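Following: one structure in structure tokens, then a few remarks.
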Amino acid sequence: MKVMYVYILKCSDDSFYTGVTNNLERRLKEHKLGINKGSYTFDKRPLKLVYYEICSNAEQAIQLEKRIKGWTRRKKQALIDRNWDKLKEYSICNNTSSHKNYDRDKNVKSGRVDESG
């Protein structure tokens, strides 16, 4: 079984970088040495590894990386802190268009009366 890693680096400007690799030690060294001048982390060194997760295959790792990249900063921070309650809280959709804000009995969505029917 080939192990894959999804990792989060904290950059010198306090931003987060999320990546995926099959060799975490090598990849961290590449980031820290600035091997790729065009990479996001090149001018944001020094870098600190703040989180990693082991995945059992590349597909799973890539899916997780993409999911984390779409998260807000505070949700990433909750993951880094392993604060599962906050992670769950920050995962709840609070948009006015959310299904949670739809009242079937009153045919009301987002606090407005649906006048279409």
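The set of residues in region 16-45 being within 22 Å of V3 (Cβ to Cβ) and surrounded by fewer than 11 Cβ atoms within 10 Å (Cβ to Cβ) consists of E25, R26. In this structure, Y17 does satisfy being touching a His at 6+ places or on another chain (Cβ under 9 Å), of a type in the set (F, W, Y) and in a strand (DSSP E or B).
Only a single item in (1) touching a Cys at 6+ places or on another chain (Cβ under 8 Å); (2) of a type outside the set (A, V, I, L, M, F, W, C); (3) at pLDDT below 95 is not met by K44, and it is number (3).
Looking at K76, K32, which one is among the basic types (K, R), within 18 Å of C93 (Cβ to Cβ), in a helix (DSSP H, G or I) and in contact (Cβ under 8 Å) with a residue 12 or more places away in the chain?
After ruling out the rest, the residue left standing is K76.
Those residues that are exposed (fewer than 14 other Cβ atoms within 10 Å of the Cβ) and more than 13 Å from T21 (Cβ to Cβ), I need them from region 46-55; list them, please. If the condition is that a residue be exposed (fewer than 14 other Cβ atoms within 10 Å of the Cβ) and more than 13 Å from T21 (Cβ to Cβ), then P46, K48 are the ones that fit.
The values are calculated or read from the model by the stated rules, or taken from the named source; none is laboratory data. A quick note: this is a predicted structure, and the numbers were derived from the prediction, not measured. Don't worry about glycine lacking a Cβ; one is built from the backbone with ideal geometry, like all the others, and counts go over all protein chains shown.
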